[in-house]
Amino acid sequence: MNKQEQYRAAMEKYEHHLVYRHLGKLVAAVIVALQLVCLTLLPWEAATPAWILLFLLAYVLADFVNGLIHMMMDHAEGYTSIIGPLVAAFHRHHHVPRYRDRPILLVLVAENGMKCWLAVYMVLLVAVLHLLPAPLAFLFLMFSLLSSVAELSHYLCHNSTHPLVRALQRARILLHPEHHRAHHEQDNTHYAFLNGMSDPLLNGIAKRLYPEGYAATTEAHSAPYYREGS
């Protein structure tokens, strides 16, 4: 079975297997529920003005780490593994220029569904939160929340023309469509999707780790599936 056939089989499993059909909802629910738990457990009375700097650091880290994971997933080819259907489903974003319109709060929750790594992160964070110094707990939690916001930022980049969204994009608080367009029109570039600030670093990493790019590999594996209207 070649890679295109493996991709098709993985997508069939993702679309029709009960576990994969509902896994995203479970992952999203776990992430959001544990984020809310951490927000209530965080010792806010210990907050100082220095936490503003920690928030900015979390913003930078969220842009970079989520972009790095995006890069790794874009090049993943393990369609026959247990996570193969999730890998295949992730590759859909190269073929979907616009997503289904949904309420913003629903998007903020539902778009977490592909972030299995963040669900594991949140389980660990809840387990150790009481052991962490308050500033470190705040940093780790803000990183998680901004990782979820990154998914919303990417969605808005593709779907929204609202004046407030456009203003935030022009201010480079959210991902600007012109910046992100390079990811879809070029090869192996512009992976960050909170606001894209870390793309210069990520682009260098991508060229070193994946010199072959994805246009001739994973994108070619999935293209026939969408070209045929599956």
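Assess whether Leu26 counts as being within 20 Å of Val107 (Cα to Cα), assigned to a helix (DSSP H, G or I) and hydrophobic (A, V, I, L, M, F, W, C). Judged against the criteria, Leu26 is a match. If I filter the stretch 84-105 for residues that are closer than 25 Å to Met1 by Cβ, of a type in the set (Ser, Thr, Tyr), more than 11 Å from the chain's Cα centre (by Cα) and open to solvent by 10 Å² or more (accessible area, probe 1.4 Å), do I get at least one hit? Within the stretch 84-105, none of the residues are closer than 25 Å to Met1 by Cβ, of a type in the set (Ser, Thr, Tyr), more than 11 Å from the chain's Cα centre (by Cα) and open to solvent by 10 Å² or more (accessible area, probe 1.4 Å).
Against the test of being under 19 Å from the mean Cα position of the chain (by Cα) and of a type outside the set (Phe, Trp, Tyr), the options His176, His162 yield a single qualifying residue, His176.
Reported count of residues in the stretch 117-165, each being of a type in the set (S, T, N, Q) and more than 17 Å from Val60 (Cβ to Cβ), is 3. Among the residues of the stretch 61-73, is there at least one that is open to solvent by 40 Å² or more (accessible area, probe 1.4 Å) and either modelled with pLDDT under 95 or touching a strand residue (DSSP E or B) at 6+ places or on another chain (Cβ under 8 Å) (or both)? Checked against the condition, which is being open to solvent by 40 Å² or more (accessible area, probe 1.4 Å) and either modelled with pLDDT under 95 or touching a strand residue (DSSP E or B) at 6+ places or on another chain (Cβ under 8 Å) (or both), the stretch 61-73 yields no hits at all. Checked against (1) more than 14 Å from the chain's Cα centre (by Cα); (2) within 23 Å of His183 (Cα to Cα); (3) of a type outside the set (A, V, I, L, M); (4) surrounded by fewer than 17 Cβ atoms within 10 Å (Cβ to Cβ), Trp117 meets all criteria but (1). When the stretch 8-23 is filtered for residues that are assigned to a helix (DSSP H, G or I), in contact (Cβ under 8 Å) with a residue 24 or more places away in the chain and open to solvent by 60 Å² or more (accessible area, probe 1.4 Å), the ones remaining, listed by number, are Arg8, Lys13. The one condition from (1) within 21 Å of Leu152 (Cβ to Cβ); (2) touching a helix residue (DSSP H, G or I) at 6+ places or on another chain (Cβ under 9 Å) that Trp44 does not meet is (1).
Leu42 fulfils the conditions (1) under 23 Å from the mean Cα position of the chain (by Cα); (2) among the hydrophobic types (A, V, I, L, M, F, W, C); (3) closer than 20 Å to Tyr121 by Cα; (4) surrounded by 14 or more Cβ atoms within 10 Å (Cβ to Cβ) except for a single criterion, (1).
Taking the stretch 75-104 as the range and being closer than 13 Å to Met11 by Cβ and polar (S, T, N, Q) as the test, only Thr80 passes. Scanning the stretch 197-230 for residues that are part of a loop (DSSP other than H, G, I, E, B) and either open to solvent by less than 30 Å² (accessible area, probe 1.4 Å) or not aliphatic (A, V, I, L, M) (or both) gives Ser198, Tyr210, Pro211, Glu212, Gly213, Tyr214, Thr217, Glu228, Gly229, Ser230.
Of the residues screened, Ala137 is one that is within 26 Å of Cys38 (Cβ to Cβ), surrounded by 18 or more Cβ atoms within 10 Å (Cβ to Cβ), touching a Leu at 6+ places or on another chain (Cβ under 6 Å) and among the small types (Gly, Ala, Ser). Cβ-Cβ contacts under 6 Å between residues 6 or more apart (or on different chains), taken from a first residue in the stretch 160-188 that is under 19 Å from Arg100 (Cβ atoms) to a second residue that is not in a helix (DSSP H, G or I), are listed as Leu175/Phe193; Leu175/Asn195; Leu175/Gly196.
The values are calculated or read from the model by the stated rules, or taken from the named source; none is laboratory data. Treat the numbers as computed from the prediction; the structure is a model and nothing was measured. We place every Cβ from the backbone using ideal geometry, glycine too, and count neighbours over all the protein chains shown. To get the accessible areas, we keep the full protein, side chains included, count just its heavy atoms, and leave off ligands, DNA and RNA. Shrake-Rupley method; radii C 1.70, N 1.55, O 1.52, S 1.80 Å.
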